[in-house]
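The values are calculated or read from the model by the stated rules, or taken from the named source; none is laboratory data. Keep in mind that what you see is a predicted model, and the values were worked out from it rather than measured. Here the Cβ positions follow ideal geometry from the backbone for every residue, glycine too, while neighbour counts run over all protein chains shown. Protein only, heavy atoms only, side chains kept; ligands, DNA and RNA dropped before computing areas. Shrake-Rupley method; radii C 1.70, N 1.55, O 1.52, S 1.80 Å.
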Amino acid sequence: MTDMAITFGSLFLIQKIDFTNPQNAFYAQCTFGALQLATILVYVYIYNKVNSKPNNTIVRVPTNPPSMFSRPDPNEPMTEQTATEYDLAQLKKLFTQSLFTIGITVFLFFKMSIIQPMAMQCVMAPQNLFKNKLFKIYILGQPESKFPRPWVEESPFSMGQPAAEETPATEQIDNSNNITIPKPTTTTTTTTTKDSTTKSRAKVTEINESESSSEESEKEEKTKKNKKKYL
């Protein structure tokens, strides 16, 4: 929810800036260039950090990872790779996305003279960088156990869903070949249903027995009355 508020708030403020003023346009260009250069330097630093401390923990990754608009398929075939290989693949993907964004933004500015996307990237670039799990682990020094691999891409329309939905139920194998499997949650719905059905059946049988006993008592009274009449 906070990310959406920042995004729409920044978009609203950018619309209020007069970019026909050459000075405002120059400031936007300089800020965009400085932030994108800093982002690329951070990626290079993360690349060196990943390679400096190899992590041989085996991670099971879906063959076709789900997109940010779909949920993980539990029946999807898995492939195994080390945590270092996984982090490098994620870093390469992140670097490619950044280059694509820079190319589109620069194209819109030089070919169509649209500078608003460039100003918007001055807000989105650091926001996406701080949210990235590689940045949190290798720059902020947060524990890796807080972000179990593989990571699920966060949807831009998730509106701050809880982290429980973001964390897939996967297996991780460490160097000692110990497999860590998440414990399934147990529910008592089935037993509760069985108990309720048995109780309802017991009540029905009690009602039937009471009805049959009352019918027998009525028959006995009638036979007694008939005998008295004959007598």
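Of all the listed residues (Thr39, Thr84, Thr31, Thr57), the sole one being among the polar types (S, T, N, Q), touching a residue at least 24 places away in the same chain (Cβ under 8 Å), touching a strand residue (DSSP E or B) at 6+ places or on another chain (Cβ under 7 Å) and open to solvent by less than 90 Å² (accessible area, probe 1.4 Å) is Thr57. In summary, Ile102 fulfils each of the numbered conditions (1) at pLDDT 65 or above; (2) over 27 Å from Asn55 (Cα atoms); (3) not in a helix (DSSP H, G or I) with the single exception of condition (3). Sub-8 Å Cβ pairs linking a first residue in the stretch 116-144 that is aromatic (Phe, Trp, Tyr) to a second residue that is open to solvent by less than 20 Å² (accessible area, probe 1.4 Å), at least 6 apart or interchain, are Phe135/Ile46; Phe135/Leu129; Tyr138/Ile46; Tyr138/Val50, ordered by first then second residue. Beta carbons closer than 8 Å, at least 6 apart along the sequence or on distinct chains, never pair a first residue in the stretch 1-23 that is within 17 Å of Pro126 (Cα to Cα) and of a type outside the set (D, E, K, R) with a second that is open to solvent by 100 Å² or more (accessible area, probe 1.4 Å) and assigned to a helix (DSSP H, G or I).
Table: residues versus (1) modelled with pLDDT of 95 or more; (2) among the aliphatic types (A, V, I, L, M); (3) touching a Cys at 6+ places or on another chain (Cβ under 9 Å); (4) assigned to a strand (DSSP E or B).
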site	(1), (2), (3), (4)
Asn24	no, no, no, no
Val42	yes, yes, no, no
Tyr47	yes, no, no, no
Val59	no, yes, no, yes
Pro66	no, no, no, no
Arg71	no, no, no, no
